[in-house]
Every structure is written in C-alpha cells, then in structure tokens.
Amino acid sequence: MATNSVIHESWKIVLESEFTHPYMEDLKAFLVEEKKKHTIFPEGNKIFNAFNSTPFGTVKAVILGQDPYHGVAQAHGLSFSVQRGVPIPPSLQNIFKELVADIGCNYPKSGDLSHWAQEGVLLLNTLLTVRSSEPFSHKEHGWERFTDQVIKILSTECEHIVFILWGAPAGKKSSLIDEEKHLILKAPHPSPLSSYRGFFGSKPFSQTNTYLERWGIKPINWCSVTAH
C-alpha cells in the first residue's frame, strides 16, 4: 500500500496471505497512479485506521460501512466517523439519534467515533479509499476482496462478535458470517433516505450489549463517544 500506511501487527499476522496476494499488488499500483492524478481520502497513514484502533483480538462488534467520506477533512479510516471539528454528516446524525433513544446517551458533540473503536468496535468500510468528491470511485479494484476476507477471518477465528449491517449492500455480507457463532443485526441504512424504514427503533446498541453480556463479555461503553 502507500508507503506511509501501517497496520497493527495483530492484523498483519492474520492477513499475511492477503498482503502477499497478487491482487493487493494490483491495488497498490492502482492507488499509486490515483495519487498522481487525484486527491485521495483518507490520508495514507489513516487507510488502515480501523485496524490500528481495534486490534484483532479486541473485536467485539463490527459496524460495516460502504466507502469513505469523500469531502475534505472528513474521512479518517473509520466507517461513519468524521474527524473532530467536522460537521456531523446526516447518516451519523441519525445513528446518534438512535443511540440516544436506545440507551440514553447524551447526543455526541463530535462525529469522531475513535472511542467506539477503542471499545472493540471495528468500524470497517468495504472500500478503504476514495477520490475526492467521487463516491465509489475505488470500487472493483481489490478492496472488496480484502474486506470480505477480513469478515471471513473474524467469523472463522473468533466467537461471539456482533456484526451490525446497515443497508442492503452491508446486509449481503451476512453470507460470509457463521450465524451459529456470531450475532448478525440487520437494519435499513441510517441515511435520511431510508432511516425511517426501520433503522429508527432497531436498538442495535442495546441488542449488542445484551448479546455480549450473555456470553460473559464486557459490554461496549457506547456512551464513551459522548464524553469527548
């Protein structure tokens, strides 16, 4: 990948065969060319931020997004999250409304979800890069294969992870997950176009913690994102 991209050692070990696969070399070459012609988000050192913020052995839940935000200073490698000081996007506003309604957290002042990542929530996008102002511009260049493999490895090698899949594209990833070992929570996407079709009232945060506690796993402090 980009020379300033780093990934946590725990993920480097479990994904070693992916990083040495020819499709990743092709993806790297594609990104090198893209950077010559376009502004790419997130910055190179934040491409694997989700993996660096939530090491492999600490994953309790996965929130799956699509591709990074494509506006200036928004994306920082965590799905649905924006950098501190950036206006909270509409989908994230709706996630926060559900957070408040579901478990009574205060409405967050910042859209930076780093504290969820530190709580064990892997904030994974299916695509890890994007051109400025061009959503889905990096689709079908290898990222989907890479992130599918991440989901498969979590499903195979771990137990009792909650996979939170919002919207139809994310929902299709359920085929990669062993439902006998993990909990899958599906709901409509939190975007303003679909949030009223069942996202509101889906209670993903309380459902996640109920499941984790049932298996003797420390629940996620979802309100941690409101305290900073």
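Details
- Nearest-10 value in Å² for the accessible area of C223, using the 1.4 Å probe: 50
- Inter-part distance, the range 187-228 to the range 87-152, computed on C-alpha centroids, equals 13 Å.
- Bridges between two residues of the chain, per DSSP, are antiparallel at a rate of about 20%.
- Above-threshold pairs, the threshold being 21 Å between Cα atoms, out of K97/K203; K60/K152; K12/K139; K152/K173: K12/K139
- Long-range HN-HN contacts of V62 with modeled amide H, under 5 Å: L122, V162, F163, I164
- Per residue, in Å², the accessible surface of the range 94-228 once ligands and nucleic acids are set aside, probe 1.4 Å: 46
- Cys with no candidate disulfide partner in the chain (beta-carbon separation under 4.7 Å rule): C158
- Surface composition of the range 1-157: carbon plus sulfur atoms hold 51% of the accessible area, using a 1.4 angstrom probe and ignoring ligands, DNA and RNA.
- With θ taken as phi - 60° and the Karplus curve 6.51 cos²θ - 1.76 cosθ + 1.60 applied, the whole-hertz 3J(HN,Hα) list for the range 133-140 is 6, 10, x, 6, 6, 10, 6, 6 Hz, x standing for glycine and proline.
- For the chain, modelled as a GNM whose springs connect Cα atoms under 10 angstrom apart, the maximal fluctuation among S17, S79, S194 occurs at S17.
- Looking at the range 61-176 alone, DSSP beta bridges between its own residues are antiparallel in about 10 percent of cases.
- Each peptide among 210-219, 164-173 gets the average number of other Cβ atoms lying within 10 Å of its residues, and from highest to lowest they stand as 164-173, 210-219.
The values are calculated or read from the model by the stated rules, or taken from the named source; none is laboratory data. Only a predicted model underlies this, so the values are computations on that prediction, with no experimental measurement involved. In this analysis, Cβ positions are derived from the backbone assuming ideal geometry, glycine residues included, and neighbour counts consider all displayed protein chains. Surface accessibility is based on the protein's heavy atoms, side chains included, excluding ligands, DNA and RNA. Shrake-Rupley method; radii C 1.70, N 1.55, O 1.52, S 1.80 Å.
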